[in-house]
Amino acid sequence: MKLAIGNDHVAVEMKKEIIAHLEQKGIEMVDVGTGSPESFHYPISGYKVARMVADGEVDGGILICGTGVGISLAANKVKGVRACVCSEPYTAKLSKMHNNSNIIAFGARVIGIETAKMIVDEWVGAEFEGGRHGTRVDMLTEIEQTQDLKAAHEG
Ligand code: RB5
């Protein structure tokens with residue numbers, strides 16, 4: 001498995017620890033930055049990771065900023081990306097099983113490193129269930145591609 005990871009200035013240390021944690025498990029990590037504590041615009045790393053995920057260069061992505069909100073919003077602007085921000089492992093796991101999330105995001109100002117490790121472990125270990133969840137994820141793609149949803153006009 002190969003994952004891209006990106007962050008802003010708030011999350012440099014947490015990012016390093018998450019990389020080390022996942023590399024220990026044999027996962028190849030591509031770090032798009034930032035490696036500096038200087039103020040950094042989170043959309044840059046959010047976009048870089050999202051682009052790699054959408055282009056199929058990696059199997060998924062991890063994004064960390066202060067809250068996980070800004071960086072996941074940036075990633076979700078890229079077509080084909082389903083970035084989920086969460087603060088606990090249950091949502092991380094279900095975001096893959098039910099929503100087929102291809103990026104997980106969290107906040108270095110919100111959670112501690114042990115919770116962050118649990119989040120990435122659950123997310124990496126989960127699999128999309130498909131079935132009725134696939135129908136719903138297809139609807140997300142329809143909204144993204146057409147800015148409309150046929151099912152919303154039925155009944
Ligand atoms: C940086 O101060 C902060 O705004 C950023 O890390 C993130 O929390 C934005 O959503």
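One table, with the values for the structure above:
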{"item": "Selected residue (criterion: nearest to the ligand (Cβ to nearest atom)) from residues of the range 1-39 that are open to solvent by less than 60 Å² (accessible area, probe 1.4 Å) and assigned to a strand (DSSP E or B)", "result": "7"}
{"item": "Single residue of 155, 70 found to be farther than 23 Å from residue 21 by Cα, small (Gly, Ala, Ser) and crowded, with 16+ Cβ neighbours inside 10 Å", "result": "70"}
{"item": "Subset of the range 40-51 that is among the hydrophobic types (A, V, I, L, M, F, W, C) and surrounded by 23 or more Cβ atoms within 10 Å (Cβ to Cβ) - its residue that is farthest from residue 14 (Cα to Cα)", "result": "50"}
{"item": "Qualifying residue in the range 145-155 (condition: more than 14 Å from the ligand (Cβ to nearest atom) and in contact (Cβ under 8 Å) with a residue 12 or more places away in the chain)", "result": "yes"}
{"item": "In the range 52-67, residue surrounded by the fewest Cβ atoms within 10 Å (Cβ to Cβ) [restricted to those that are more than 12 Å from the chain's Cα centre (by Cα) and under 19 Å from residue 13 (Cβ atoms)]", "result": "66"}
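The values are calculated or read from the model by the stated rules, or taken from the named source; none is laboratory data. The structure presented is a predicted model; accordingly, all values stated were derived computationally and were not measured. Cβ sites come from the backbone with ideal geometry, for glycine too, and all protein chains shown count toward neighbours. In case anyone asks, the SASA skips ligands and DNA or RNA and just uses the protein heavy atoms, side chains included. Shrake-Rupley method; radii C 1.70, N 1.55, O 1.52, S 1.80 Å.
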